[in-house]
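Asks: This is the structure I want to talk about, given as structure tokens.
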Amino acid sequence: MRECFEVRDTDVGGRIGELTVPRADVTVETPALLPVINPNLDTISPRRLAAEFGAEILITNSYIIHGTEDVREAALEDGLHDLLDFPGAIMTDSGSFQLSEYGEIDVTTEEILEFQHAIGSDIATPVDIPTPPDVSRERAADELETTQERLEIADDAETGEMLVSAPVQGSTYPDLREAAGHHADGTGLDVFPVGAIVPLLNDYRYDDMVDAVAAAKRGLGADAPVHLFGAGHPMMFALGVAMGCDLFDSAAYALYARDDRYLTVRGTRHLEELDYLPCSCPVCTEHSPDDLRALSDKPREKELAAHNLHVTFEEIRRIKQAIRAGNLLELVEQRARAHPTMLDGYRTLLDHAAQLERSDPVSKGAFFYTSHESARRPEVLRHHQRLDRLSVPDSLFLTEGGPARGDEFDDSWRVEPPFGPFPRSLSKSYPFTAELPARTDRAALEAAAEGVARLAEANPDAEITLGHDGWPTAVLERIPSGVSLIDLTDDQ
Ligand SMILES: [Zn+2]
């Protein structure tokens, strides 16, 4: 068990956890958002982030601090907590991003960690190599090797109570990401950023992001706190959390505000195009869009940054509540409707249903079938996997309708799209208590047919009859030929 992180509650791959940060003497509840602070710019003060927005942790860039003489001197003299005036935990980034943007920086891993320790960082980051997407496999593997050497140096370095993060790289090669996760997990390091995700997010490649996270998570242990590095748009937090990410950082709230961009959970809007403000935060209740447009540059930037933060922290709270209530996937489904590329992200998440099933609770409040994607949820997959274990009588009637007529059959089970067959004794158990639309869809019927096929294949000697409500031929073709079919709508 990793000492600094404890999982309290789970839903799908998402979890509510506690990250203990000993050097700051604070415990951060996850999923958590780390606002990015540039010590040279004061959009929203760190003190205000804590007091007004409830920020428990923030992140700042040690490379910028190192490169700005007066800030560097003040940080070394008084420490980051005094310099920034922030009571929570402070994580520092090493500047790997700047390294990739502006070329080499000539400091060693020991030096950069020593510097982060000297300025009072609570969670430090070694200089890794953030390999961009789509590079050659050879380059991705070479750079990963360098990152791994540096993580081993970081692991051996004397860092006291300061936690140290171990970035997981590997570009768009899932096997390299998984190996990187496994290697990072094997070090004694503490927090695990999935790195070089920003280029994917900038290109709306949420599907590739999900694959990268899934691969990293396969390598990392279940007790590893995972940071989706550079992901700050509230639209995609639910997707990231459902995949098993615990920490997010946002520079977006300030960067977007500088550009008159207004964040919502359904995407970004430009202040120019807003006739109404679809938000009830203090900024949006006290101003109309015209009020905001009338402000001069600096005050308008501050107001927009405050709104952007409100909507960002609100989404984190909504996600935590969804984990508690066991309806995180319903929230992901809603967010997936914000943009077609988000839908690609959600559909890719469902490709990993078997992986997510392992952490998904066996019982929850309710399963709401709200899109045809719901037919691929981990609960459906789990039921299909468990059908093999159910004992089946010699002759069995599976029916969408009521119990079987007379004593034609030894027993009668219910068939319900998307789950397929289950004994009536399980009707009151999750997920069969699901709320389903009366007008079912093709995906649900196909999933139910898969369930029937699975049961039949596991019990080749049983005589199975399926009573269905007029299933289409293409769906019935999925049922093995040994199963007898009765169309219940013929009786009416
Ligand atoms: Zn607002």
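Asks: Being more than 22 Å from residue 122 (Cβ to Cβ) and over 19 Å from the mean Cα position of the chain (by Cα) is true for just one of 189, 163, 176. Which residue is that?
Replies: 176
Each row is one residue, and each column tells you yes or no for (1) in contact with a strand residue (DSSP E or B) (Cβ under 9 Å, 6 or more places away or on another chain); (2) outside any loop (DSSP other than H, G, I, E, B); (3) not polar (S, T, N, Q).
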site	(1), (2), (3)
365	no, no, yes
374	yes, yes, no
380	yes, yes, yes
386	no, yes, yes
393	yes, no, yes
398	yes, yes, yes
401	yes, no, yes
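Yes or no, residue by residue, for (1) of a type outside the set (Ser, Thr, Tyr); (2) at pLDDT 95 or above; (3) more than 22 Å from residue 34 (Cβ to Cβ):
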position	(1), (2), (3)
122	yes, yes, no
130	yes, no, no
133	yes, yes, yes
138	yes, yes, yes
141	yes, yes, yes
144	yes, yes, yes
149	yes, yes, yes
153	yes, yes, yes
156	yes, yes, yes
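Asks: Among (1) surrounded by 14 or more Cβ atoms within 10 Å (Cβ to Cβ); (2) away from the ligand (no atom under 16 Å from the Cβ); (3) outside the structural domain of residue 440 (by the TED database), there is one condition residue 377 misses while meeting the rest; what is its number?
Replies: With (1) surrounded by 14 or more Cβ atoms within 10 Å (Cβ to Cβ); (2) away from the ligand (no atom under 16 Å from the Cβ); (3) outside the structural domain of residue 440 (by the TED database) applied to residue 377, the lone miss is (3).
Asks: Please determine whether any residue of region 260-271 is without any contact (Cβ under 8 Å) to a residue 12 or more places away in the chain and either within 15 Å of the ligand (Cβ to nearest atom) or surrounded by fewer than 24 Cβ atoms within 10 Å (Cβ to Cβ) (or both).
Replies: Within region 260-271, one or more residues are without any contact (Cβ under 8 Å) to a residue 12 or more places away in the chain and either within 15 Å of the ligand (Cβ to nearest atom) or surrounded by fewer than 24 Cβ atoms within 10 Å (Cβ to Cβ) (or both).
Asks: Turning to a different aspect of this structure: I'd like the residue in region 347-372 that is surrounded by fewer than 16 Cβ atoms within 10 Å (Cβ to Cβ) and among the small types (Gly, Ala, Ser) and, out of all such residues, is nearest to the chain's Cα centre (by Cα).
Replies: Ranking the qualifying residues of region 347-372, first place goes to 354.
Asks: Can residue 352 be described as in contact with a helix residue (DSSP H, G or I) (Cβ under 9 Å, 6 or more places away or on another chain), touching a residue at least 60 places away in the same chain (Cβ under 8 Å) and within 16 Å of residue 452 (Cβ to Cβ)?
Replies: No; evaluated as a whole, the condition is false for this residue.
Asks: Residue 344 fails exactly one of the following numbered conditions: (1) within 12 Å of the ligand (Cβ to nearest atom); (2) of a type in the set (Asp, Glu); (3) within 27 Å of the chain's Cα centre (by Cα). What is the number of that condition?
Replies: Condition (1) is where residue 344 drops out.
Asks: For region 195-211, which residues satisfy the criterion of being over 15 Å from residue 235 (Cα atoms), out of contact with any strand residue (DSSP E or B) (no Cβ under 7 Å at 6 or more places or on another chain) and crowded, with 24+ Cβ neighbours inside 10 Å?
Replies: Hit for region 195-211 is 196, nothing else.
Asks: Within region 143-200, which residues are in a loop (DSSP other than H, G, I, E, B) and within 14 Å of residue 131 (Cβ to Cβ)?
Replies: 167, 169, 170, 171, 172, 173, 195, 196, 197
Asks: Assuming residue 64 fulfils every condition listed in (1) under 27 Å from the mean Cα position of the chain (by Cα); (2) closer than 20 Å to residue 258 by Cα; (3) without any contact (Cβ under 8 Å) to a residue 40 or more places away in the chain apart from one, which condition is it?
Replies: Going through the list (1) under 27 Å from the mean Cα position of the chain (by Cα); (2) closer than 20 Å to residue 258 by Cα; (3) without any contact (Cβ under 8 Å) to a residue 40 or more places away in the chain, residue 64 breaks only (1).
The values are calculated or read from the model by the stated rules, or taken from the named source; none is laboratory data. Please read these numbers as outputs of a predicted model, since none were measured by experiment. Here the Cβ is made from the backbone with ideal geometry for all residues, glycine too, and neighbour counts use every protein chain on show.
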